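Below is one structure, written out as structure tokens, with a few remarks after it.
The values are calculated or read from the model by the stated rules, or taken from the named source; none is laboratory data. Nothing here was measured: the structure is a model prediction, and the numbers come from that model. In this analysis, Cβ positions are derived from the backbone assuming ideal geometry, glycine residues included, and neighbour counts consider all displayed protein chains.
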Amino acid sequence: MPKFDKHEEAVMRLMFGLADSVEEAQPSEILEEAEKRGVNLLDEAEEVRGVLRSAGRAYLQRKLRESRAAYEAAVTNIHEQNYDLPGSVSGRRQLLEGVLRERPQFQGIVMTAQHRNFGELTDEDVTSFLRQLKILGLLDMPATPTTK
Amino acid sequence: MKKPAGRGTQEMCATSAEVIAAIESLSAEEFHRLKKFAGFRIRGLGRAAMGRDYSALLSEAVVSTLQGSEGGLEGRKWAKNRVRFINHLLGAMRSISSHWKEAFERRGTEAEQLDWMQTTEDEDGNVLRPSENLADARVDPFRSCAAKEVLDALDNHFAADEDALLVIDAKKDGMTVPEMVAGLGLTEKKVNAAMQRIRYFVEGLL
């Protein structure tokens, strides 16, 4: 474990103390020091603003990438999952038709402004709806409550 | 707007949009103050800075604040109704640099990746590695100027400035301004004036 020697510790405390004094200094003192050093405050403001913007942008882009990756992983998962659906187009269509007949309340989910008639649904639509119902755990529900 | 858990109900934590807006509204004097503060913290870290410069510390403070704005447990939350944005950033930098010092003492010289540094791609698909922009620790100007030499330079420069020498010694011992006023017989005005002279000299030294 590296240790700081006594001189390093002393310099550290001194520098940290100077940093604290910067925080506590009046704006007039800060401006006076900048003027004495010949600092162009406008140029420096651009530089420091650039550092802050760039850090913020990099962070937000990383979050965006993470969100996109999570979304894509979820979509891939949907496609790769075994849904145990009928193998034929007509079989899938019959299954969905049966589900909607037995559970008319699902019609609102499937039939949208885009798909007003069952006959207009493509096989892709049918498969997608069946998958969604399966994921939601609605495909295996009994049509009517069972009685003992 | 989110209320952080465990804090007063009156305390409103800023959203990421508010953090971005606050960055854009900082004044030139505040940008200068941020850079100065970060510079002294980095110089104080010495070897523990591991090649980081003021911009790395400032960047980490912003990233941490944006993380905090998401409402989770990570990052530092800016209580925008209670704390000015610049004071929040100064506090974040103080905390982050102290953490870097502790991490250095714990892990030794094992290189650690900066939290905000992630490989990214630009719009043209070029891979950007921020670590490539890291200053080389071996050529860090402060490292080449040993701590003892800094202390000697201060002693020599302020040999005829008794107030500054007292303040330097007090700061080396970690004393605060009120402690200096109470213990050294200096007025607050004299302490602050000495501090300003020391800051000016140290900035020119490095």
How many residues does the range A:28-44 contain that are more than 22 Å from B:Ile42 (Cα to Cα) and facing chain B (nearest Cβ under 7 Å)?
-> 2
Quick one: would you say A:Ile30 is at negative phi, of a type outside the set (D, E, K, R) and under 36 Å from the mean Cα position of the chain (by Cα)?
-> no
Is there a residue being within 30 Å of B:Val177 (Cβ to Cβ) and either within 14 Å of chain B (Cβ to nearest Cβ) or not basic (Lys, Arg) (or both) anywhere in the range A:116-135?
-> no
Considering A:Ala34, A:Ala19, A:Ala55, A:Ala25, which residue is more than 30 Å from B:Leu165 (Cα to Cα) and surrounded by 17 or more Cβ atoms within 10 Å (Cβ to Cβ)?
-> A:Ala55
Going through the range A:6-27 in order, the residues found to be within 7 Å of another protein chain (Cβ to nearest Cβ) and either touching a Cys at 6+ places or on another chain (Cβ under 7 Å) or not aliphatic (A, V, I, L, M) (or both) are A:His7, A:Glu8, A:Arg13, A:Phe16, A:Gly17, A:Ser21, A:Glu23, A:Pro27
Residue among A:Tyr59, A:Tyr83 that alone is among the aromatic types (Phe, Trp, Tyr) and not in a helix (DSSP H, G or I) = A:Tyr83
Considering only residues of the range B:97-114 that are over 10 Å from B:Ala48 (Cβ atoms) and at pLDDT below 90, which is nearest to the other protein chains (Cβ to nearest Cβ)?
-> B:Gly108
Looking at A:Glu47, is it under 29 Å from B:Glu60 (Cβ atoms), in a helix (DSSP H, G or I) and more than 7 Å from chain B (Cβ to nearest Cβ)?
-> yes
